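The values are calculated or read from the model by the stated rules, or taken from the named source; none is laboratory data. On a predicted model such as this, the values are computed, not experimentally measured, just so you know. Cβ sites come from the backbone with ideal geometry, for glycine too, and all protein chains shown count toward neighbours. Protein only, heavy atoms only, side chains kept; ligands, DNA and RNA dropped before computing areas. Shrake-Rupley method; radii C 1.70, N 1.55, O 1.52, S 1.80 Å.
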Amino acid sequence: MKYVYKSNNLDFLRLVLATAVVFLHLAFLAKTPLTESVSESLHWLSGSAVSTFFIVSGFLIYMSYDRKKTIINYFWGRFLRLYPAYILLILFSSCLYLMVGDGSSFGSYTSEIKYFIANAAFLNFLAPTIDGVFLTNPEPFINGSLWTLKIEVMFYCMVPIFYMLLERKYSYLYMLAIYVFSFIYKDFILLHKDTIPMAETLASQLPGQMMYFIAGIFCFKYFDVLKRQFSVLLITSVILMWLNFYYLQPFVIAVFITLVFISLPNVLSFKKLGDISYGVYIFHFPIIQLFIANGFEFNTVSSYFLLFTTIFVVSTVSWKLVEAPSLKLKNRFF
C-alpha cells in the first residue's frame, strides 16, 4: 500500500543535506586548510547529499502527482515550488557585476544578459560565469548548485509517464528495468570516458540519476510493506550501507530514509522556521562567492558562523516572502 501523507521528518533531512552541500562547496570555493578539513570530515554525508535529494524528490514528487486534482494542477504546483525563488536568485546573480565586477568591460552587461537567459531556462552549463565577476576568487563560477535543478525539472516532466507505467500490475518489474537501465547508461559512459567528451558530466545527468528517483518512488508505493518489516529492514539497510554495494546503494539509502525520516513520528518540526532547505541549497553558492570576493578566508569559526547566519537569514526571508506566498496560489487557478 502507498504512503498516506502525514507529518514527517523530511524537512529536517533536507536541511541537513543542504547544509552538507554548503560545506562541500565552501571547501571547493575557498580552498583553505580549514574548509577542506571540515569538508573531508563530512564527506560521508556531503558526498551523497545530492543523490539523497533525488531519492527524496522521487518519493515526494510521485506522491504529489498521485494526489493531484488535474495534471495542470500538478505542473502548476511544481512551478510554484521551484520557480519563484529560483528566478529571484537568477535576477540577483545577474546583477552581481554591479556589486563586485571589476569594471573593466562594458561587455560584461552582455554577459549578464546571457547568464540570465540561460539560467532562467535551467541551462546553467551554457553560462556558468559572468565576465568580470569573481575574477580574483579561486573559482569564478556564479552558482555551481544549479545543475541539479534541470534534472529535477526533467523528472517532473517524466512523472506522468512513469505513473501510467507504475500503476499497472507488476509495476515493480518496470521500476527494476528503469533502475537497471540507469546503471547501464552511467557505467557505459564512464567506461568510455576516454572517448566520450564530457563523460563524467553526461554520466551525472539523466538517465544516470534515475536510479535514485526510482528508489524513492518504490518506497512510496510499497511504504506499508517496508513499515511492517521495520526492524529487520532497518538493520539490513544499515549493514548494506556500511558494506557499500554499488548497485544496491540507491535502493538501500531510500529504504533507510523511508524507515527513519518518514515512518517515524515527526519529532523535528520546522513549522515556525519554514521549509528553508531549498533556499539554503540555491542561495548558498553566490553568498560564499561574495564573502570570498570581500576578503573572507574562512580560517576561523567566527567566519563560518557569519556565513551560515547569512545563508539561513536569506533562506528564511525567501521562504517567508517568496516561497510560502507562492505556494498559497497552488489551488487558486487550476
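Of the residues making up the range 116-133, those that are in contact with a Leu (Cβ under 8 Å, 6 or more places away or on another chain) and not β-branched (Val, Ile, Thr) are Phe116, Ala118, Asn119, Phe122, Asn124.
Listed by position, the helices (runs of 4 or more DSSP H) enclosed by the range 142-258 that each have at least 3 residues that are open to solvent by 50 Å² or more (accessible area, probe 1.4 Å) are 147-166, 171-191, 199-203, 223-228, 230-243.
Among the residues making up the range 10-50, those that are buried (at least 20 other Cβ atoms within 10 Å of the Cβ) and polar (S, T, N, Q) are Thr19, Thr35, Ser39, Ser46. Within the range 105-141, which residues are of a type in the set (S, T, N, Q), open to solvent by 60 Å² or more (accessible area, probe 1.4 Å) and in a loop (DSSP other than H, G, I, E, B)? The answer is Thr136, and nothing else.
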